[in-house]
Amino acid sequence: AQSVTQLDSQVPVFEEAPVELRCNYSSSVSVYLFWYVQYPNQGLQLLLKYLSGSTLVKGINGFEAEFNKSQTSFHLRKPSVHISDTAEYFCAVRSTTLGGSNYKLTFGKGTLLTVNP
Amino acid sequence: GAVVSQHPSRVICKSGTSVKIECRSLDFQATTMFWYRQFPKKSLMLMATSNEGSKATYEQGVEKDKFLINHASLTLSTLTVTSAHPEDSSFYICSARATSGRTYEQFFGPGTRLTVL
């Protein structure tokens, strides 16, 4: 079984400031890691993913995340945010094992990023 | 590519009626589709996993007789909320996993807002 902890439920920042949204996970097996963004009344859009290889992954809209296996973390960062980045951000994991219930995603509770002018 | 649609986007119904929500993968075939429920300010709660041609697997605590899931083809899954009550009001989101290619990823629909009066 896996669990995901997003340490901050809300993060307010000013426009053009850097931001980091924190995510820690717990799992007894190897996992893939994902960050999704959800704009109001919409579904989830994939920002970026870590499957294997380089621990620094780059995604859409200027976001990046770094996988730290020893700290079981996958924090999301952006060097300069825009008003349009205001949204809910979800960290998620799933097992790397194929088959059955292993395809299920386990989500964190989300972090609301609010970018103020 | 990898677009998932949901219909309707919003539905309002009277208590005691049934509501059907469709989830379609528009440009790929989906072996597995997932149904989530999202409460305000909360994360996504997986309700069930459906595989084409077989019975859905429900998560613990989800009433299978109330939330009927049918996955009749590789591009369509439906969720029927039977005898809906106000406590069933929520945002329902589906996702789909492709049969080939990016099978590690779930592609999410835009969600359906259900309001039961």
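Values in this text are rule-based calculations from the coordinates and carry no lab data. Just so it is clear, the structure is predicted and the values come from calculations on it, not from any experiment. Methodologically, a virtual Cβ is constructed for each residue, glycine included, from the backbone with ideal geometry; neighbour enumeration extends over all protein chains shown.
List of remarks:
- HN-Hα J in Hz across region A:81-91 - Karplus 6.51, -1.76, 1.60, θ = phi - 60°, x for Gly and Pro: 8, 10, 3, 5, 7, 4, 4, 9, 10, 10, 9
- The charge dipole of the protein assembly as shown, taken about its Cα centre with unit charges on the Cβ atoms of Lys, Arg (+1), Asp and Glu (-1) only, comes to about 360 debye.
- Centroid-to-centroid separation of region A:13-44 and region B:1-43 [C-alpha atoms, Å]: 22
- Pairs exceeding a 24 Å alpha-carbon distance, out of A:Lys109/B:Lys55; A:Lys49/B:Lys64; A:Lys109/B:Lys20; A:Lys49/A:Lys109; A:Lys78/A:Lys104; A:Lys49/B:Lys55: A:Lys109/B:Lys55; A:Lys49/B:Lys64; A:Lys109/B:Lys20; A:Lys78/A:Lys104; A:Lys49/B:Lys55.
- Residue by residue, region B:84-94 carries 3J(HN,Hα) couplings of 5, 10, x, 6, 7, 4, 5, 9, 10, 10, 10 Hz when phi is fed to the Karplus relation 6.51 cos²θ - 1.76 cosθ + 1.60 (θ = phi - 60°); x denotes Gly or Pro.
- The region of chain A that goes longest without hitting one of the GluC sites (Glu not before Pro) in a DSSP loop, each with at most 16 other Cβ atoms within 10 Å, is A:17-117.
- Amide H within-cut-off set for A:Gln42, under 5 Å, with H built and near neighbours excluded: none
- Applying a 4.7 Å Cβ-Cβ cutoff to chain B, the cysteines left without a disulfide-compatible partner are B:Cys13.
- For B:Ser77, net neighbour charge (Lys/Arg +1, Asp/Glu -1) across residues whose Cβ lies under 9 Å away: -1
- Where trypsin sites (Lys or Arg not before Pro) in DSSP loops with at most 15 other Cβ within 10 Å are excluded, longest remaining stretch of chain B: B:67-101
- Remark: mean inter-chain Cβ contacts per residue of A:108-114 equal 2, using a 10 Å Cβ-Cβ cutoff to other protein chain atoms.
- Ranked from largest, the principal axis spans of the Cα set of chain B equal 42, 25, 22 Å.
- Shape of region A:35-105, Cα gyration tensor, a/c cut at 1.5: oblate
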